[in-house]
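Below is one structure, written out as structure tokens, with a few remarks after it.
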Amino acid sequence: MTDQENIEQELLSFLNVDARDDLKSTALSYFLGLTASAEGSKFITSTDRCLETVAKMICDKNPSVIENALLTLVNLSSDMQVCVKLLNLDGYPHLLLDLLRKVIDRDSDNADTTCLLLNNLSRMTSCAGTIVTRILENSDVGLPELVQVFSIQAYNTKGATLHFLGPFLANLTQVGEARSHLLDKSRGLIQKLLPFTQFVVSEVRRRGAVAILKNCCFNDGK
């Protein structure tokens with residue numbers, strides 16, 4: 001057994017919902033620290049087992065455990081190939097849906113970090129296309145729900161600003177289906193975004209809204 005396999009076996013055994021919180025926190029802190037270097041990130045992403053196990057911890061009951069798992073994924077998702085992997089994990093096919101549910105959950109302690117991760121995952125056009133397809137196929141969390149959340153200030157009861165939901169939605173408008181959905185007059189979604197083009201509280205939110213409108217203005221349905 002290689003050194004990597006030994007470390008994986010020892011640390012990954014701590015990453016399950018039934019493990020003690022201190023053991024989960026220790027293991028995730030270790031993985032989060034690894035993401036500070038290219039070599040450490042490669043260690044985590046070189047096997048699907050390791051990446052899947054870390055990703056599944058976003059469904060833990062402890063907000064601090066969830067936060068460390070999300071931060072680890074945020075750092076790893078600076079690599080576009082890792083984004084592709086995360087959206088296509090055989091052992092965790094519902095990762096995207098779980099992330100979207102955290103965003104629309106008013107009582108989520110981790111909504112802002114979730115938005116950061118979604119923003120990273122959607123930067124590449126092909127990944128944005130994958131996300132849009134799954135959102136449009138999903139009856140649980142769709143574009144109307146996401147736009148509604150974005151349009152309500154102080155939506156989250158735990159103090160999350162959700163500013164990075166703007167860039168995430170803007171990334172999705174790289175895809176024609178998303179633009180057409182937002183421009184559908186019967187849904188009235190684009191009107192909810194207009195006030196945020198002048199939003200002085202957050203440059204991130206304002207630029208996200210402007211980018212959405214700019215992309216939609218050049219909609220060609222493709």
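The values are calculated or read from the model by the stated rules, or taken from the named source; none is laboratory data. Remember, predicted model here, so these are calculated numbers, not experimental data. Neighbour counts run over all protein chains shown; Cβ positions are idealised from the backbone, glycine included. Just so you know, the surface numbers come from the protein's heavy atoms only, side chains and all, with ligands and any DNA or RNA stripped out. Shrake-Rupley method; radii C 1.70, N 1.55, O 1.52, S 1.80 Å.
Observations, loosely collected:
- Within segment 53-64, the set of residues being more than 16 Å from L100 (Cα to Cα) and surrounded by 22 or more Cβ atoms within 10 Å (Cβ to Cβ) comprises T53, V54.
- Close pairs from segment 158-187: first among the aromatic types (F, W, Y), partner buried (at least 23 other Cβ atoms within 10 Å of the Cβ) and not in a helix (DSSP H, G or I), Cβ under 6 Å, at least 6 apart: F168/S122
- Which numbered condition K192 misses (of (1) touching a residue at least 12 places away in the same chain (Cβ under 8 Å); (2) under 20 Å from the mean Cα position of the chain (by Cα)): (2)
- Matching entry among L100, L76 (being farther than 19 Å from L165 by Cβ, open to solvent by less than 60 Å² (accessible area, probe 1.4 Å) and at pLDDT 95 or above): L76
- Residues satisfying the stated conditions in segment 190-219, i.e. β-branched (V, I, T) and exposed (fewer than 13 other Cβ atoms within 10 Å of the Cβ): V200, V201
- Filtered residues of segment 103-130 (kept if closer than 23 Å to K158 by Cβ, outside any loop (DSSP other than H, G, I, E, B) and either more than 13 Å from the chain's Cα centre (by Cα) or not β-branched (V, I, T) (or both)): A111, D112, C115, L116, L117, L118, N119, N120, L121
- Of all residues making up segment 138-155, the number that are small (G, A, S) and either surrounded by 13 or more Cβ atoms within 10 Å (Cβ to Cβ) or closer than 15 Å to A170 by Cα (or both): 2
- Cβ pairs under 8 Å, 6+ apart, first in segment 56-82 and within 21 Å of V17 (Cβ to Cβ) and outside any helix (DSSP H, G or I), second open to solvent by 10 Å² or more (accessible area, probe 1.4 Å) and of a type in the set (D, E): N62/D21
- Selected residue (criterion: surrounded by the most Cβ atoms within 10 Å (Cβ to Cβ)) from residues of segment 83-97 that are assigned to a helix (DSSP H, G or I) and in contact (Cβ under 8 Å) with a residue 40 or more places away in the chain: C83
- Evaluating N120 against the criteria (1) polar (S, T, N, Q); (2) within 23 Å of E10 (Cβ to Cβ); (3) surrounded by 24 or more Cβ atoms within 10 Å (Cβ to Cβ) leaves one unmet condition, (2).
- Residues in segment 36-52 that are more than 13 Å from C83 (Cα to Cα) and among the β-branched types (V, I, T) were compared, and the one that is least open to solvent (accessible area, probe 1.4 Å) is I44.
- Here is the figure for segment 166-189: residues that are assigned to a helix (DSSP H, G or I), buried (at least 17 other Cβ atoms within 10 Å of the Cβ) and among the aliphatic types (A, V, I, L, M) total 5.
- Among (1) at pLDDT 95 or above; (2) in a helix (DSSP H, G or I); (3) not small (G, A, S), the one test that H163 misses: (2)
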